[in-house]
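Below is one structure; the comments refer to it alone.
The values are calculated or read from the model by the stated rules, or taken from the named source; none is laboratory data. Only a predicted model underlies this, so the values are computations on that prediction, with no experimental measurement involved. Here the Cβ positions follow ideal geometry from the backbone for every residue, glycine too, while neighbour counts run over all protein chains shown.
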Amino acid sequence: MKFSEPGHEVEVVVVGAGQAGLSGAYHLRRAGWEPGRDFVVLDGSPHPGGAWQFRWPTLTYGRVHAMNALPGMALTGADPERPSAEVIGEYFAAYERAFGLRVRRPVRVRAVREAGNGRLRVETDAGVWTARALINATGTWERPFWPRVPGQEAFTGRQLHTSRYRGPESFAGERVVVVGGGTSAVQHLLEISRVAAATTWVTRREPVFTDGPFDEEQGRAAVALVAERVRDGLPPRSVVSVTGLPLTEEMRRARESGVLRRLPMFDRITPGGVVWDDGRAVAADSIVWATGFRAALGHLAPLGLREAGGGIRLEGTRVVRDPRIHLVGYGPSASTVGANRAGRAAVRGLRALLSSGSVRGPAPTPEEAAEAA
């Protein structure tokens, strides 16, 4: 579907319709903003579901780590054996319909620039919108991170990133090296080890396994560590990177059997495998890079929001360099529960900002104005 007529004017543009974007849209709607008139949600993905729609089929809903429902609508009765892409995609689609959010897709935002008169110009492949403010919820899925290692181009086997992983079947009978210390790397390794001839797990840092429930206090402490980097204008680390790996029974068995025996990062890649400077070598047919993602913020580059440290400095969700821009699902709000809270906080901040000028929009309550200050 194309929306190519020029000069769309709204008060707020929401970029992205994953968990954070839908949360922001919900709170805009709840505050009295009308979809299509006062705000618009632009999503570059082909279907509802955010990044979940691209997850591998063997990642069933029952294996999803800490999925929180969107605000205002519970996710109940889901079959834990169904692919998470299907369950969450259907849930997001139902959510968009239930609240009449009128998400426009696929619409890819190419650049956000100054439009003059205090407005922002949002340039897309489906036309141009101008707005007084922007909630950015583009996540990370479109920026997979590939570490650079000497000899990488000479490898004669297959290399793929988590973003292109579709399940273990294609690795049957192969010698596979899995690189990465996060939850996705462990999930890939456990699956692939059942069909591969051999697997090797490689991480830059020694993995930290956490035994027992991850409680609210630990969660707050982890988020605080990520938030500190964002306040300092540094690129954020993921929340998961500071929480460690929750040790499940399946992982415990894999550690006992040797599947989850970690090796340090190799130093070079050869045509037939990977090698370390101490002389160790592992032959490989495939290398799986489960090395994470980076924030997809290239479209905001014309606004010059980055600090000297390479990140974007935030106060809450508000960009310090430009209070018209709120980043949700970024840094400390990258978890699903964090994204929900960030959507609400962004809307409160924008109501305070927009009501202070000559723009249409519901005035904030005194409590919201104080919270956004």
### Message
Show me the helices (runs of 4 or more DSSP H) found entirely inside the stretch 146-251 where at least 1 residues are at pLDDT 75 or above, in contact with a Ser or Thr (Cβ under 7 Å, 6 or more places away or on another chain) and within 23 Å of Arg268 (Cβ to Cβ).
### Response
183-193
### Query
Within the stretch 153-182, how many residues are touching a residue at least 40 places away in the same chain (Cβ under 8 Å) and exposed (fewer than 14 other Cβ atoms within 10 Å of the Cβ)?
3
### Query
When Val149 is evaluated against the numbered criteria (1) in contact (Cβ under 8 Å) with a residue 40 or more places away in the chain; (2) in contact with a helix residue (DSSP H, G or I) (Cβ under 7 Å, 6 or more places away or on another chain), which criterion, by number, is the only one it fails?
(2)
### Message
When the residues of the stretch 137-151 are narrowed to those that are within 21 Å of Tyr26 (Cβ to Cβ) and of a type in the set (Gly, Ala, Ser), which ends up surrounded by the most Cβ atoms within 10 Å (Cβ to Cβ)?
### Response
Ala137
#### Entry: Odd one out for Arg268, checked against (1) among the basic types (Lys, Arg); (2) crowded, with 23+ Cβ neighbours inside 10 Å; (3) not assigned by TED's automatic domain parsing to the domain that holds Leu120
(2)
### Query
If you check Ala115, Ala78, which single one turns out to be over 18 Å from Gly49 (Cα atoms) and either part of a loop (DSSP other than H, G, I, E, B) or not charged (D, E, K, R) (or both)?
Ala115
### Residue, nearest to Ala111 (Cα to Cα), within the stretch 12-37, restricted to residues that are in a loop (DSSP other than H, G, I, E, B) and either of a type in the set (A, V, I, L, M, F, W, C) or not assigned by TED's automatic domain parsing to the domain that holds Val112 (or both)
Ala17
## Note on the structure
Considering the stretch 332-352, residues that are at pLDDT 85 or above and hydrophobic (A, V, I, L, M, F, W, C), and then whichever is nearest to Val230 (Cα to Cα), we arrive at Ala342
### Task
Give the residue that is nearest to Arg324 (Cα to Cα), with candidates limited to residues of the stretch 1-48 that are among the hydroxyl-bearing types (Ser, Thr, Tyr) and either modelled with pLDDT under 95 or within 17 Å of the chain's Cα centre (by Cα) (or both).
Ser23
### Task
Hey, can you tell me all the residues within the stretch 46-62 that are without any contact (Cβ under 8 Å) to a residue 40 or more places away in the chain and either in a loop (DSSP other than H, G, I, E, B) or more than 20 Å from Thr138 (Cα to Cα) (or both)?
Arg55, Thr60, Tyr61, Gly62
